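> Handing you a structure now.
The values are calculated or read from the model by the stated rules, or taken from the named source; none is laboratory data. Since the model is a prediction, treat every value here as computed from it, not as a measurement. Here the Cβ is made from the backbone with ideal geometry for all residues, glycine too, and neighbour counts use every protein chain on show. Only protein heavy atoms, including side chains, enter the accessible area calculation; ligands, DNA and RNA are left aside. Shrake-Rupley method; radii C 1.70, N 1.55, O 1.52, S 1.80 Å.
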Amino acid sequence: MDGNNRWAKARKSPGIAGHQAGVKSVRAVVEAALQQGVQVLTLFAFSSENWQRPKKEVSALMELFLLALRREVKRLHKHHIRLHVIGERSAFSSEIQQAIQEAEHLTATNQDLHLVIAANYGGRWDIAQAARQLAQAAVDGQIQAQHIQAQDFAPYLSLSQFPEPDLCIRTGGEQRISNFLLWQFAYTEFYFSPLFWPDFDQAAFHAAIADYQQRQRRFGRTCEQVVSPDEQTHGS
């Protein structure tokens, strides 16, 4: 969700105004995801590198994060949305950590959409913490190091309980991963929007989904090996 600061700067407003406007886009995209039947929506809210931003901005972001957790969780619960937060939580204040736990507990049984918030998250951190757990499992004799395969590593990653992402949408005109879900994006499709995040509305989300639906996902196979849904229908 990129472009909050640039959106605010273009309007000669403080950066936090862009982040506040970005919350409205979160609501819009969550609603659009429900309409589209999306099962899992992951939002990159705050990266492990974002701590390097000016202290005033970081402090304002933490206040906004806490406010959003408290205000939005009831809305999520009302629409049967389950909330899950990934990332290193220990860096957050005890107040934020408690709010996360309460929000996750309240929405734990909801099934219509699983909303994942990546906060103080980094793809390299995710891989490193998974490697530590796997190494400990080897030390404990649960697995032999020489037999470790990719499928043995994946269960220790943050999104292990979910399917790998089908589509990554990045706003703000940037075209890079920026340390997000490095392992999970192995076969993810990418869609880059020039819109700043506060301008990314439901129509923009639907356009991204429509673009994705025109793509052929081959997963290493040839075009001839992949049978489209239409071809399957005509052949049945």
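> Could you name the lysines in cross-link range of Lys74, using Cα to Cα under 20 Å and dropping any fewer than eight places away on the same chain?
Lys24
> Express in nm, to one decimal, how much length is gained between Lys12 and Gln133 on full extension, taking 0.36 nm for each residue of separation and deducting their alpha carbon distance.
38.9 nm
> Show Cys223, Cys168 ordered by accessible area, largest first, where the area counts protein heavy atoms only and the probe is 1.4 Å.
Working: Cys223 70, Cys168 20 Å².
Ranked from most to least accessible, the order is Cys223, Cys168.
> Let me ask something else. Please build a GNM for the chain, connecting alpha carbons under 10 Å apart, and tell me which residue among Gly173, Gly123, Gly141 fluctuates the most.
Gly141
> All other residues with a Cβ under 11 Å from the Cβ of Arg170 taken together, and with Lys, Arg as +1 and Asp, Glu as -1, what is their net charge?
-1
> Normalising by the residue count of the chain, find the relative contact order in percent from Cα pairs under 8 Å and 6+ residues apart.
With pairs under 8 Å counted, the relative contact order is 24 percent.
> Here's a follow-up. Rounded to the nearest 0.05, what FRET efficiency is calculated for Phe190 and Ala108 with R0 set to 25 Å and r the Cβ-Cβ distance? Please list the in-between numbers first.
On the way: r = 31 Å, r/R0 = 1.26.
Working from the Cβ atoms, E equals 0.20.
> When the helix-only estimate is applied to the chain (DSSP H runs of n ≥ 4, each -39,500 (n - 2.57), divided by the residue count), what is the mean residue ellipticity at 222 nm, nearest 500 deg cm²/dmol?
-14500 deg cm²/dmol
> Calculate one ³J(HN,Hα) per residue across segment 166-173 by plugging θ = phi - 60° into the Karplus curve 6.51 cos²θ - 1.76 cosθ + 1.60, and present them in order as whole Hz with x for glycine and proline.
7, 9, 10, 10, 10, 9, x, x
> Calculate the spin-label point distance for Arg221 paired with Ile143, positioning each point 7 Å from the Cα along the beta-carbon direction, and give it in nanometres.
2.7
> Give me the one-decimal nm value for the distance between modelled label points at Asp152 and Lys56, 7 Å along each residue's Cα-to-Cβ direction.
My value for the distance between the label points is 5.2 nm.
> Nearest 0.05, what FRET efficiency do Leu182 and His80 give at R0 = 35 Å with Cβ-Cβ as r? Mind dumping the intermediate values first?
Numbers: r = 31 Å, r/R0 = 0.89.
Efficiency, from the Cβ-Cβ distance: 0.65.
> Same structure, new question: How big is the accessible area of Arg217 in square angstrom, nearest 10, if you roll a 1.4 angstrom probe over the protein chains?
Accessible area, nearest 10 Å²: 40 Å².
> Which links in Lys12/Lys55; Lys9/Lys78; Lys9/Lys55; Lys12/Lys78 stretch past 29 Å when you go from one Cα to the other?
Where the Cα-Cα span goes over 29 Å, the pairs concerned are Lys9/Lys78; Lys12/Lys78.
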